[in-house]
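For reference, the structure discussed in these notes is given below.
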């Protein structure tokens, strides 16, 4: 694996899903919230936990464990949701870990054929554990992104037919 020398990638938040440690750079994260009441998607989905209304926008919440076919932890009042910055999407994860400063030379690029859709940018080690750096723009395949936009549009049309909220 090649080292990644980009000095801008250094501050990360770790999280756990399905017994695997993952990380996002802080500039990819808008905020972390506990599981609120989500509205159900218009159709049944394995990996869409629901929609979160945030400042008038319907944000799809992706259940990362289900998407990646990993073991799933039952939801609780304190299940964390990572709201992503610059993407209309949030990730439901099992637990939030640490905020780490990682030296740029510590990141090792993942081989292209190793991860579906290249959504894992790199890997690094911390306290003898492998942690995978996620590219949130590549978590979903193009077809999944298209389907998600269709679901968002269908939900918006249904709400529009109901009229304004009182």
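No lab work stands behind these numbers, since they all come straight from the coordinates. Bear in mind that the values here come from a model prediction, so they are computed numbers and not experimental data. Cβ placement follows ideal geometry from the backbone for every residue including glycine, while neighbour counts extend to all protein chains displayed.
Couple of notes before you dig in:
- For the range 78-152, the square roots a ≥ b ≥ c of the C-alpha gyration tensor eigenvalues yield an a/c of 1.5 or more together with a/b not exceeding b/c, which makes the shape oblate.
- Ranked 35, 67, 133, criterion: other C-beta atoms within 10 Å, fewest first: 35, 67, 133
- Ordering 34, 137 by the number of other Cβ atoms within 10 Å of each residue's own Cβ, fewest first, gives 34, 137.
- If the segment from residue 153 to residue 26 were pulled out straight at 0.36 nm per residue, it would be longer than the present Cα-Cα gap by 42.8 nm.
- Prolate/oblate/rounded label for the range 11-161 (Cα gyration tensor, a/c 1.5): prolate
- Per-bin percent of Cα-Cα distances, the range 34-85 [10 Å]: 23, 58, 18, 0
- Each of 125, 45, 10 has some number of other Cβ atoms within 10 Å of its Cβ, and from fewest to most they run 125, 10, 45.
- Scoring 21-30, 54-63 by mean Cβ neighbours within 10 Å over their residues and listing the highest first yields 21-30, 54-63.
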